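Below you'll find the structure, written out as structure tokens, and then a few comments.
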Amino acid sequence: MTRAKRWLAAAVAASSLMVVRTAAGMAVGEDRGGGYRGMAVRAEGTVVRNSEGSALELRDGRLLMIYQEFEKGEGDSDFFPGRLVSRVSSDGGRTWGLHRVLVEPGAADINVYSPSLLRLADGSILFCFMRYHRAPSTATSPPATAFAWRSTDEGRTFQPLGELWRSLPYALCSDTLRLLKSGRLLIPVCRDTGVRGKGDHWESGVSYSDDGGKSWAFGKGWVDLPRRGAMEPHTEELADGRLWMVFRTQLGRVYRAESRDGGESWAAAVPMPQESPESCPNLIRFPGSRVLLLIWNAARYDPGWASHFGKRTPLSVAISSDDGKSWSPPRQLETDPGKAFTNPGVAFTSAGTAVFNYWSCDYEPSGRMQNFPIHLRTAVVPLEWLRGGKSPPPDYAEHADLTYRLNEAGERLSVRERSDWELRRSQIADHFRRVAGGFPWEGRAPELDVRVEDEVREKEFVRRRVSFVSEPGDRVGGYLFLPRRRLGRRPAILCLQQTTQMGAKEPSGLAGPPSMHYGLELARRGFVVLAPDYPTFGEHRWRFIPDNGYASGTMKAVWDNRRAVDLLAALPEVDARRIGCIGHSLGGHNAIFTALFEPRLRAIVSSCGFTSFVKDDVPSWTGPRYMPRIAALFGSDPKQVPFDFTELVAAIAPRPFLACAATRDSDFDVSGVKDVLQSARTVYRLYGAERKLQGFYPDSPHDFPEDARLRAYRFLETHLK
């Protein structure tokens, strides 16, 4: 099955999560330096408000979001008739599939409100929400009942688990569930202490569960503030175990309170540095780190404004790496002065992105927010951008034209000298990082700790099953071939597998068809060969989860390959100045990706490993093993992806590069390979190395036939021996 067909089959299987009720209008979003902004679900037809969502990543890399959907009613849109619905995104949060109704209001309900999703330690999904009831209340707000449901099938179905409270004038905010280090589940709650006829007034506390969500209790402490009080609380646990709770207030600032006993009691609220109108902030920690993220409206506080003490724009983010002692300057998710953006939620993905959801409406000429329509929007941004990473280099509209470069002002300058090209090459590497992410262990890699787990002696070589530490907590396995004859230090080959569950066994000649045994054949020709397992293949047990530090399986594989080069270079049998790389299909393009970041690879062979993106099935590159940001940040559009293989191959210059491209390859169009080599030749010519860039085109399907392999071996021998 080709990459494209595998992707299509996965997409069809994914559709089982979506129960069609009605199609929703989708608006085209836009890509900016900090990622993507766009409409998630537009309010139209009988639906006048879509808002307050909560999302999380499913095991297969898709995103599940549950949000509120309202139809027009009397009074404030908070109390329009409404239900909770779900949608699934297969492109990292840019677009959302047809919707499924999860929770309808009962006959005694006004609506269903405030979804929160959380992945539990056992892998199940916890879902909390509340129902507003029509029953009379002594407070200004109607009574509500809050529920906890659980799913053990990745959100296909949910079963009732427990109640947080029953028929009280209390309320939840969406996207506020937290799992503490102690195992306690915690969700912030606000209660209306106002009296009907005298206006509402809110205090905030928490509800918690110590038995996995079956039973819930309120903390003993409640936080109060002047005017309307401490509203719409959000909580997060700090690195040292303290809890912070932030609030919507009418006091011109985001306020916070602190708990040192798991939410049982709270100190008095104090102002934070962030100025704010009356709007809902969110506080959340980056997964697996101590970095706090604050989302709020960094706008001027204006008590004279027509609504909410100021405008709810821009929608801003800031981070703190020291438990809230200091905060970065705000970065803007949304800036349109004619619109309000509020009630944000956020999900972190294994692609290294943060997917924000928030609702938006227009401002009326008076300065009041429109009661409806209200639309649900999303922003998809890389974590590097949130951390204040540098602005991306200028985008190139013409990836096949390598005769120019752009300066920081976007001005076009001719590439006349090698120094001109080196500047563009650095931009290519930066653009690749935008898509594939960075290396979390760069500059602090641990000792390799190489282990020999098995050894077999053949006539020509010794084959060892080895493993090495790629990074803390991850050991990569593979096969090392050492020639039996001692002829001094030899050239070595990093040998990369294709897409196969057999992993490195296949190129090592222990499984699979003979055409894939190129590692074994190179060992017989006298090379030292190391064939590592690609992440999730062979014996490499790797999980693509939001807190593993990588934005793509591609970059994890490149890092493992660089560590494999460390191993080869350290062997007494290897001449570290003569290391090459070869791979087929998955290994073919990973040879290119690795060479971009690993200058010790002195000759590279790619078999059936690429074509130009404009002639490729770009969505097939977007799975967790590849580069999910191609979908999440660039819409699987080759015109938006900030690099192409033309640039990657040219970035290898002047090192020898051979592309073996089968004429009947159904995965990678051979004409696109020829286009890439033709354009890249311009750069090789600049270095006087045009003969080092070669193409060979066997009459074959997607395979590495004998004539192509022999050509590849002679190429490596020429340039490494």
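Here are the numbers for the structure shown:
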| read-out | value |
| --- | --- |
| Residue among Tyr132, Tyr113 that alone is outside any loop (DSSP other than H, G, I, E, B), aromatic (Phe, Trp, Tyr) and under 21 Å from Ile284 (Cβ atoms) | Tyr113 |
| Residue match in region 602-619 (condition: part of a helix (DSSP H, G or I) and buried (at least 24 other Cβ atoms within 10 Å of the Cβ)) | no |
| Scan of region 634-646 for residues that are more than 15 Å from Ser606 (Cβ to Cβ) and acidic (Asp, Glu), ordered by number | Asp637 |
| Every residue from region 473-527 that is hydrophobic (A, V, I, L, M, F, W, C) and over 29 Å from Pro440 (Cβ atoms) | Phe481, Leu482, Leu487, Leu510, Ala511, Met516, Leu520, Leu522, Ala523, Phe527 |
| Residues (of a type in the set (S, T, N, Q), crowded, with 17+ Cβ neighbours inside 10 Å and under 23 Å from Ser360 (Cα atoms)) located in region 303-334 | Thr313, Ser316 |
| Unique match (being within 26 Å of the chain's Cα centre (by Cα), over 27 Å from Ser700 (Cα atoms) and of a type in the set (Lys, Arg)) among Arg578, Arg563 | Arg563 |
| Hits in region 676-705 (condition: under 27 Å from Pro491 (Cα atoms), part of a helix (DSSP H, G or I), touching a Pro at 6+ places or on another chain (Cβ under 9 Å) and touching a residue at least 60 places away in the same chain (Cβ under 8 Å)) | Val683 |
| Count - residues of region 70-110 that are assigned to a loop (DSSP other than H, G, I, E, B), under 30 Å from Asp637 (Cβ atoms) and among the charged types (D, E, K, R) | 2 |
| Selection count, region 568-588, where residues are in a helix (DSSP H, G or I) and farther than 15 Å from Pro599 by Cα | 4 |
| Complete set of residues in region 499-531 that are surrounded by fewer than 23 Cβ atoms within 10 Å (Cβ to Cβ) and in a loop (DSSP other than H, G, I, E, B) | Thr499, Thr500, Gln501, Met502, Gly509, Leu510, Ala511, Gly512, Pro513, His517, Arg525, Gly526 |
| Checklist (1) touching a Gly at 6+ places or on another chain (Cβ under 9 Å); (2) surrounded by fewer than 17 Cβ atoms within 10 Å (Cβ to Cβ); (3) of a type in the set (D, E, K, R) applied to Asp224, failing item | (1) |
| Complete set of residues in region 215-233 that are farther than 20 Å from Pro142 by Cβ and part of a strand (DSSP E or B) | Ala217, Val223 |
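Table: residues versus (1) in a loop (DSSP other than H, G, I, E, B); (2) crowded, with 21+ Cβ neighbours inside 10 Å; (3) modelled with pLDDT of 95 or more; (4) more than 32 Å from the chain's Cα centre (by Cα).
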residue	(1), (2), (3), (4)
Arg196	yes, no, no, yes
Ser204	no, yes, yes, yes
Ser207	no, yes, yes, no
Gly213	yes, yes, yes, no
Thr235	no, yes, yes, no
Tyr255	no, yes, yes, no
Asp261	yes, no, yes, yes
Pro277	yes, yes, yes, no
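The values are calculated or read from the model by the stated rules, or taken from the named source; none is laboratory data. Since the model is a prediction, treat every value here as computed from it, not as a measurement. Note that we place each Cβ from the backbone using ideal geometry, even for glycine, and neighbour counts take in every protein chain shown.
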